[in-house]
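The structure appears right after this line, and notes come after that.
The values are calculated or read from the model by the stated rules, or taken from the named source; none is laboratory data. All of these numbers come straight from a predicted model, not from anything done at the bench. Cβ placement follows ideal geometry from the backbone for every residue including glycine, while neighbour counts extend to all protein chains displayed.
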Amino acid sequence: MNYCTVLDIQNYFQNTEFTENSQITATKVNSLIEMRSNYIDSVLIKKYELPLEKTADLIIIKSICTKLVAGDLDEMLNFVILKDGQRKGRNLKQEAIDDLNKILEGNITLSTPLSRIDTIDVKED
């Protein structure tokens, strides 16, 4: 399940179009969306039952996916400038990763039921 669309990503790049003739194509953006959606699922499955279906959860995850993909594109388009070893400009990818970590740590709670894996106590005999 893809958590965002090309149009969602386009909102981060007001003066850039993702057409088949542009530097970054809509096909490439869709590929990144799929890759990042799969990444998000691989993180969330540690704590939550998938697929996510609740609207409130999907809004949160859409924001995370959009930031991850826009962060990837920032790097491809050289919008992220390194100066003296420090990043300059927006760092959407790190914001998204921080939000995913907050979900795993319980600082952001989704309304989707917890995964059985997360709620089962494993005891040694």
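Count, please, the residues in the range 1-38 that happen to be hydrophobic (A, V, I, L, M, F, W, C) and free of Cβ contacts under 8 Å to residues at least 24 places away in the same chain. Before the answer, list the steps.
Taking the range 1-38 first, the residues hydrophobic (A, V, I, L, M, F, W, C) are 1, 4, 6-7, 9, 13, 18, 24, 26, 29, 32-33, 35.
Those still in the list that are free of Cβ contacts under 8 Å to residues at least 24 places away in the same chain too: 7, 18, 26, 35.
Count: 4.
Does C65 meet the test of being of a type outside the set (S, T, Y) and in a loop (DSSP other than H, G, I, E, B)? Give the steps one after another, and end with the answer.
Numbers: of a type outside the set (S, T, Y): yes; in a loop (DSSP other than H, G, I, E, B): no.
So C65 fails the test.
Quickly run through the range 1-40 and pick out the residues that are of a type in the set (G, A, S) and out of contact with any Asp or Glu (no Cβ under 9 Å at 6 or more places or on another chain). I'd like the intermediate steps shown before the answer.
Within the range 1-40, the subset of a type in the set (G, A, S) is 22, 26, 31, 37.
The answer is S22, S31, S37.
Just to be sure I understand, how many residues within the range 52-82 are closer than 18 Å to I108 by Cα and touching a residue at least 12 places away in the same chain (Cβ under 8 Å)?
Adding up the residues that qualify gives 15.
Which of the residues spanning the range 36-62 are exposed (fewer than 13 other Cβ atoms within 10 Å of the Cβ) and under 15 Å from T5 (Cβ atoms)?
Within the range 36-62, just I59 meets the criteria.
Taking K47, is it within 20 Å of G106 (Cα to Cα) and either modelled with pLDDT under 95 or in contact with a Lys or Arg (Cβ under 9 Å, 6 or more places away or on another chain) (or both)? Working first, answer last.
Numbers: within 20 Å of G106 (Cα to Cα): yes; either modelled with pLDDT under 95 or in contact with a Lys or Arg (Cβ under 9 Å, 6 or more places away or on another chain) (or both): yes.
Yes, satisfied.
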